[in-house]
Amino acid sequence: EILCNLFVHWWSEFFTDGWNYFDTIAVALSVTAFFVSDLPGFSLLRLVRVFRVLRLLKRLSWMRLIINSLVSSVIPVFNAFVVVVLITAIYAVLAVSLFRDRNSVLFGDFSRA
């Protein structure tokens, strides 16, 4: 199927679509897992074939819009997570500095605070 798609769209059109990359990687991993079945844990890569169903999103424009929105929101959510971790770390350092003498069990070092 990939070879037919590659032949019909030629090289340039085939590799401009990100879904074709995903499909190629999924098929390559499942074929590799089929031939190299004696490595432990490598057979789990056959499960990547299940994700080929995501190719249907190429046909459904409203679903593709939702998926693209979710993917584009990953980096801003990660940035917010980093800010929350930094603020928590600052408060942990303050807690260790201020309350170490009062309760050394809870505030003895940074990891406990």
Among the residues in the range 84-102, are any modelled with pLDDT of 75 or more, closer than 24 Å to residue 23 by Cα and either outside any helix (DSSP H, G or I) or open to solvent by 80 Å² or more (accessible area, probe 1.4 Å) (or both)? no
Quick one: what pairs do we get from the range 21-44, first residue assigned to a helix (DSSP H, G or I), second of a type in the set (Phe, Trp, Tyr) and at pLDDT below 75, C-beta under 9 Å, 6+ apart or different chains? 22/51; 26/51; 32/42; 33/42; 43/34
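Scan the range 3-18 residue by residue and report those that are surrounded by 13 or more Cβ atoms within 10 Å (Cβ to Cβ) and within 23 Å of residue 68 (Cβ to Cβ).
Quick first cut of the range 3-18, residues surrounded by 13 or more Cβ atoms within 10 Å (Cβ to Cβ) only: 5-6, 9, 14-15, 17.
Hits for the range 3-18 are 5, 9, 14, 15, 17.
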Considering only residues of the range 57-83 that are open to solvent by 60 Å² or more (accessible area, probe 1.4 Å) and not in a helix (DSSP H, G or I), which is farthest from residue 19 (Cα to Cα)? 60
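The values are calculated or read from the model by the stated rules, or taken from the named source; none is laboratory data. Bear in mind the structure is a predicted one, so any value in this text is a computation, not a measurement. No Cβ is skipped: glycine too gets one built from the backbone with ideal geometry, and neighbour counts run over all protein chains shown. Ligands, DNA and RNA are excluded from the accessible area calculation, which covers all protein heavy atoms including side chains. Shrake-Rupley method; radii C 1.70, N 1.55, O 1.52, S 1.80 Å.
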